[in-house]
Each structure stands twice: as structure tokens, then as C-alpha cells.
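Participant: Pasting in a structure now, in C-alpha cells, and then I'll have a few things to ask.
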Amino acid sequence: MMDSNVAVEEPVVRPTSQKPKNKKQPRYHVILWDDPEHTFEYVIEMMQNLFYLQPAAGKKIADEVDRTGRAICLTTTREHAELKRDQIRGFGRDPYSTKSTGSMAASIEPEV
């Protein structure tokens, strides 16, 4: 005989349309800033070494930074953007220029 005072737990059924949504990480631009000390060759070489760009894509970055004063090299997560910014800052002086005393300037900014 069953005891009528025993509670039976009902299973919880969730509708399939209410799956938890993954939240996307905010994106950040890696910005390369122009200066008169660095050559096109240096920028192209840096883009190849740090961002694995083909020479033509590196030249487009060099042209843009020369023309506008800045260029977006990459848009990615904050942690990866900080790493790439630091790699640009640590790339060293331009061996093609006698005026170069160090690396180029770079920063990150949120994508809007």
C-alpha cells in the first residue's frame, strides 16, 4: 500500500527555446600610430612578423598610418589586443632608418 503523505517530486522541464545565451566578449582595436622615424619597410616587416600579414596587406597598413596618422591592425578580444599592442611597442628600432631610436607607438580602443 502507498503512503498518501509522501510527496512526489515533479521533474523540471525547461523549454528548448530558453537555452542560456553565451555572452560575447567586447572587441578592441589595436591602433598603430604614425611617426617620422620609421620606414614603410619596417611597418611591413612588423605586420608580417606580428600579425602574419602578406606584404601587400602590410603595405596597406603602412599607407594608412602614413596617410591618416593611425591604422587599425587588428580587432580582437581585450587580452589579445593588449598582447599585440605590447608586441608592437617591443618590436625594436627600425634598422632601415638612422633616425629611429625605438619601437612605434600603439594603443588599444574599444570597437564601437
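The values are calculated or read from the model by the stated rules, or taken from the named source; none is laboratory data. This is a predicted model, so every value here is computed, not measured. Quick reminder, even Gly has a Cβ in these numbers, built from the backbone with ideal geometry, and neighbours come from all protein chains shown.
Participant: Within the set of pairs 6 or more residues apart or between chains, which connect a residue that is of a type in the set (Gly, Ala, Ser) inside the range 16-28 to a residue that is at pLDDT 80 or above and surrounded by 10 or more Cβ atoms within 10 Å (Cβ to Cβ) with Cβ atoms less than 9 Å apart?
Facilitator: Taking only residues 6 or more apart or on different chains, not a single pair turns up.
Participant: Quick check on the range 74-112: of everything there that is surrounded by 18 or more Cβ atoms within 10 Å (Cβ to Cβ) and under 11 Å from the mean Cα position of the chain (by Cα), which residue is nearest to Gly58 (Cα to Cα)?
Facilitator: Leu74
Participant: If you scan the range 43-68, which residues turn out to be crowded, with 16+ Cβ neighbours inside 10 Å and without any contact (Cβ under 8 Å) to a residue 24 or more places away in the chain?
Facilitator: The initial filter retains those residues of the range 43-68 that are crowded, with 16+ Cβ neighbours inside 10 Å, namely 43-47, 50-51, 53, 58-59, 61-62, 64-65.
Ile44, Glu45, Leu53, Gly58, Lys59, Ala62, Glu64 - these are the residues of the range 43-68 that are crowded, with 16+ Cβ neighbours inside 10 Å and without any contact (Cβ under 8 Å) to a residue 24 or more places away in the chain.
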